[in-house]
Amino acid sequence: MGEVPMSGAGSLPRGPRASAELIGGSAAMRRLRETIARVAPSDATVLLTGPSGSGKENAARALHAASPRATGPFEAVNCGAIPHDLAEAELFGAEAGAYTGASRTRIGRLEAAHGGTLFLDEVGDLPLPLQVKLLRALETRSVERLGGGRPIAVDFRLVAATNVDLEAAVDTRQFRADLYWRLAVVLLDLPPLAARLEDIEALVAHFADAQRLRLHLPADGLARLQAHHWPGNLRELRNFVDRALALGERLLPAETVDRLLTPRRRTMEAWLQAPAATPAPRTASLADSLAVEANPLAPMALKQLLAEAEATLIAQALAASNGTIAESARLLGLKRTTLVEKLKRMGLKAANEAA
């Protein structure tokens, strides 16, 4: 297999936004791209289905980019991440004084999408009262802000996504049938990663390219990746690549792939207890490490995100310093005792803790 090229699937844009591309030459991805090319010129509403992490927002962005609305805004909203008591103001806006703390007029996401594309992810999580209001907005092509009495014209293309069976939700009256049929004008089902294993090599190259780094993926390493069942789909593969880069790994034979596919805590312990004998290549900067697609394919609490970032940076520093606490602390701008305490809280122990 050799070195995975920087742009593993033809001509790709550089940098973190490149992950919005539809990567891969599998039959499933070719069909998806062909369908998007046919559907994009129209304003038909599209409902994207498929398992979590399969790249539904990527497909929505591809639809937007190929449409006449490409120069307009792309508003992405995760309906499952909005608190129910704030959802109406978030989506439809609010006039000043409409609720406690509303000191000024708030533009809703439907208004913000005017002239472009509105992407509603996890649309099945939308509360029933707001399903009614969304349907009315789609039918009348207008919105009424919370606390307002006049309709405001809006013009956007709607793309919705779900990883649940909305027809079943209709049967159990958790989702309105009239809204479902309004959304499902065009249905696009995204395949799980396990159904497009031949795309893994290009995807690995793509995710490494997003951090402007290279990975060497021999045949046995690729075979291991293709044998994995990938329950987390593209998100899991991206995390695998990020983990390899954060730990200073650039060569991915089968043995290394096996270690990286273990749960994160065990993976970090393995690297911290047995650091590389030679200095690791230059590690990515903080900006590079976090330069992944800005929507995360699922909502994450700030506390969890910060913990993930801290663990990644600590692993980078330890890999770059061969597990030496003092040098790692210097790279991180921390006191040695502070780094030792952080490792203890994580339940980890560096190989050269005494250093």
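Just so you know, all these numbers are worked out from the coordinates, no wet-lab data involved. Values in this document were obtained by computation on a predicted structure and should not be read as measured data. Counting neighbours? That spans all protein chains shown, and the Cβs are built from the backbone with ideal geometry, glycine included.
Which peptide among 152-164, 225-237 comes first, and what is the full order, when sorted by highest mean count of other Cβ atoms within 10 Å?
Ranked from most to least packed, the peptides come out as 152-164, 225-237.
Enumerate by residue number the chymotrypsin sites (Phe, Trp or Tyr not before Pro) in segment 24-117 meeting two conditions: DSSP loop (anything except H, G, I, E, B), and at most 15 other Cβ atoms within 10 Å of the site's Cβ.
99
Taking the simple approach of a point 7 Å from Cα along Cα-to-Cβ for both residue 177 and residue 105, what is their distance in nm?
About 4.0 nm, to one decimal.
Within segment 23-46, find all residues whose amide N lies under 14 Å from a label point positioned 7 Å from the Cα of residue 155 along Cα-to-beta-carbon.
What the label zone holds, given the 14 Å backbone N cut-off, is 43.
If I stretch the segment between residue 28 and residue 337 completely, what's the gain in nm (0.36 nm per residue apart, minus their alpha carbon distance), one decimal?
Full extension from residue 28 to residue 337 adds 106.0 nm.
Would you mind computing, in nm to one decimal, how far apart the modelled labels at residue 167 and residue 254 are, each placed 7 Å from Cα along Cα→Cβ?
4.2 nm
What residues have an amide H closer than 5 Å to that of residue 105, excluding those fewer than 5 places away on the same chain, when H is modeled at 1.01 Å from N in the peptide plane?
Result for residue 105 returns 96.
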